[in-house]
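Structure record follows, encoded as structure tokens.
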Amino acid sequence: AVATFVDNVVGTIGEWAVAALVVAEIVILFAGVVSRYVFQEPILWSDELASILFLWLAMLGAVVALRRGEHMRMTAIVGMVSPRWRAFLDVFAMTAALTFLALIIHPAVEFATDEVMITTPALDISNAWRAAALPIGSGLMILTALLRMLRIGDWRLVIASVVAIGAIVGVLLGLEPVLRDLGNLNLIIFFVGIVFVSVLAGVPIAFSFGLATVGYLSITTNVPLPVVIGRMDEGMSHLILLSVPLFVFLGLLIEMTGMARAMVEFLGNLLGHVRGGLSYVLVGSMYLVSGISGSKAADMAAVAPVLFPEMQKRGAKRGDLVALLSATGAQTETIPPSLVLITIGSVTGISIAALFTGGLLPAVVLAAALCVVVWFRYRHEDLSGVRRATRGEILRSLVIASPAIALPFVIRAAVIRGVATATEVSTIGIVYAVIAGLLVYRCFPWRRLRPMLVETAALSGAILLIIGAATAMAWSLTQSGFSQDLTRIMASLPGGAAGFIAVSIVVFIVL
């Protein structure tokens with residue numbers, strides 16, 4: 001009872017905090033756009049404050065995600081085992097996460113302490129205000145993990161998982177003299193073996209990366225662990241990544257205000273009388289909505305509830321619907337504003353605008369291929385009970401959907417004309433969606449705002465913690481000299497650019 005009470009208190013405070021942080025980021029960035037573009041008076045400290053709050057949003061969002069069990073993990077193997085083993089693996093995953101957090105909490109405190117003497121240029125405050133997010137967020141995740149383990153009814157599972165983790169750590173520490181002599185073979189042991197096993201066991205991806213990195217550096221090198229925290233900070237602090245939570249929230253807002261429904265209904269009236277027409281609408285809707293939200297989860301939440309009931313009435317199988325929705329979800333990965341492309345750009349330094357431009361064609365090719373599959377599968381569909389929409393109904397639905405259809409063009413025009421950056425432009429979309437929901441579609445249930453803000457923060461925290469852990473892992477690989485070796489191998493591949501692309505495709509398929 002005490003654990004449940006404390007968990008509820010921590011959870012409630014954390015959810016209100018992350019909701020307030022998302023709102024603060026929207027207000028700060030939009031105010032910066034208005035001040036710079038309308039009044040020609042840029043706010044010099046807006047980006048700096050947004051960056052400080054962003055790290056807090058990432059860490060506290062990761063806390064909320066841990067409490068809600070929403071950190072990204074692979075459950076294919078976990079779902080195939082018996083219920084007893086599944087319960088053990090769930091506890092094992094939480095224990096592994098707790099182990100990583102326990103290992104980094106002291107280095108995180110050291111890192112934040114070292115930042116006390118550094119002063120931010122615009123706000124002229126200690127950078128410790130920002131860096132403190134790392135130890136505080138890690139500490140709250142430790143508390144959350146402990147509370148979840150206290151609430152597990154079967155202590156035998158907890159003891160077994162603790163013993164298993166302890167045995168693995170003990171073996172690695174006992175083999176430390178041997179491992180130090182293996183050189184780069186340790187990369188296979190830690191970054192292939194440990195990551196592979198932990199991911200298959202259902203350990204969240206961020207913690208799998210983190211455990212492998214901390215284990216490699218602490219056992220086989222003399223690198224101090226605060227360096228890991230610094231690399232995590234670097235990975236999570238790219239301001240361009242702030243567009244992740246903002247576009248996620250924009251996607252949820254589009255669904256809530258009825259804008260997505262208006263677009264889907266227009267496409268349904270236009271193509272609903274064609275064999276497989278609603279499947280074409282599904283493909284087209286995901287393409288169009290993704291161009292606004294940038295979030296696969298938001299895309300699916302917006303489109304599926306509108307189309308699935310009618311498609312099932314026409315005899316579509318649930319498996320077919322889920323398969324098509326999943327395939328179109330993959331299609332939207334490269335449609336601007338794509339969170340995947342934003343992440344790649346922030347990590348590699350490649351132009352986000354160039355990635356957005358290049359991402360359109362693969363999505364068009366996949367959409368065309370899916371349409372061919374739809375035509376083949378539904379070429380004999382019975383449409384005797386389907387009424388064709390009149391021209392008046394089509395025109396009326398087009399007029400209703402026009403404000404929603406205009407949103408992606410507004411967003412892209414704002415970037416092209418220099419009104420806002422790729423990070424700031426999401427706030428223009430959010431303000432546009434709020435105005436459209438209140439004045440045009442008259443659909444704005446205020447009670448849904450806080451859950452949406454919390455969902456945005458939890459998803460963003462889970463994504464950003466993976467990026468932070470992956471950045472630390474990538475730095476470890478670079479320091480080992482592996483990156484240079486890989487560069488030489490890839491450069492020596494036959495076939496030039498074509499050979500490089502072919503090998504990359506195979507590697508990505510395997511990964």
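Accessible surface of S483 in the full protein assembly, 1.4 angstrom probe, to the nearest 10 Å²?
Spelled out: S483, probe radius 1.4 Å, area about 40 Å².
How much FRET efficiency would the formula 1/(1 + (r/R0)^6) give for S492 and I159, where r is the Cβ-Cβ distance and R0 is 45 Å, rounded to 0.05?
0.30
Please list L185, L325 from largest to smallest accessible area, probe radius 1.4 Å, with all protein chains kept in place.
Highest to lowest solvent-accessible surface, that is L185, L325.
Average projected area of the Cα convex hull of region 186-274, in nm²?
Value for region 186-274: 10.1 nm².
Hey, could you get me the Stokes-Einstein D for region 134-231, Kirkwood radius over alpha-carbon pairs, 4 °C and 1.567 mPa s, rounded to whole µm² s⁻¹?
86 µm²/s
What do you reckon, how do D124, D7, D47 stack up by accessible area (1.4 Å probe), largest on top?
Order by accessible area, largest first: D124, D47, D7.
Summing Lys, Arg as +1 and Asp, Glu as -1, what charge do residues with Cβ under 11 Å from the Cβ of A1 carry, A1 excluded?
0
Using only the Cα atoms of region 280-428, what are the Rg and Dmax in Å?
17.2, 55
Any idea what angle helix 296-313 forms with the longest principal axis of the chain, computed on alpha-carbon atoms, 0 to 90 degrees, nearest 10?
Taking the Cα atoms of the chain, the angle to 296-313 is about 40 degrees.
How big is the Rg/Rh ratio for region 369-511, C-alpha atoms only, Rh by Kirkwood, two decimals?
Expressed as Rg/Rh, it is 1.13.
Grab the beta carbon distance between K317 and A406, set R0 = 45 Å, and tell me the FRET efficiency rounded to 0.05.
Taking R0 as 45 Å, the efficiency between K317 and A406 is 0.80.
Compute the orientation-averaged projected area for the chain from the convex hull of its Cα atoms and round it to one decimal in nm².
27.9 nm²
Averaged over every viewing direction, what's the projected area of the C-alpha convex hull for region 60-124? Give it in nm², one decimal, please.
If I average the Cα hull's projected area over directions, I get 6.4 nm².
Just from the alpha-carbon atoms, what are the Rg and Dmax of region 8-132 in angstroms?
For region 8-132, the Cα-based Rg and Dmax read 19.6, 64 Å.
Would you compute, from DSSP H runs of 4+ residues alone, the mean residue ellipticity of the chain at 222 nm, taking -39500 (n - 2.57) per run and dividing by the full residue count, rounded to the nearest 500?
Helix-only estimate at 222 nm: -25000 deg cm²/dmol.
Kirkwood hydrodynamic radius (Cα pairs, Å) of region 154-199?
By the Kirkwood definition, the hydrodynamic radius is 12.0 Å.
Once R0 is set to 56 Å, what does the formula 1/(1 + (r/R0)^6) return for the Cβ-Cβ distance between T357 and D114, expressed as a FRET efficiency to the nearest 0.05?
That gives a FRET efficiency of 0.85.
The values are calculated or read from the model by the stated rules, or taken from the named source; none is laboratory data. Please read these numbers as outputs of a predicted model, since none were measured by experiment. With ideal geometry, Cβ positions are generated from the backbone for all residues, glycine too; neighbour counts draw on all protein chains shown. Surface areas here come from the heavy atoms of the whole protein model, side chains and all, with no ligands, DNA or RNA. Shrake-Rupley method; radii C 1.70, N 1.55, O 1.52, S 1.80 Å.
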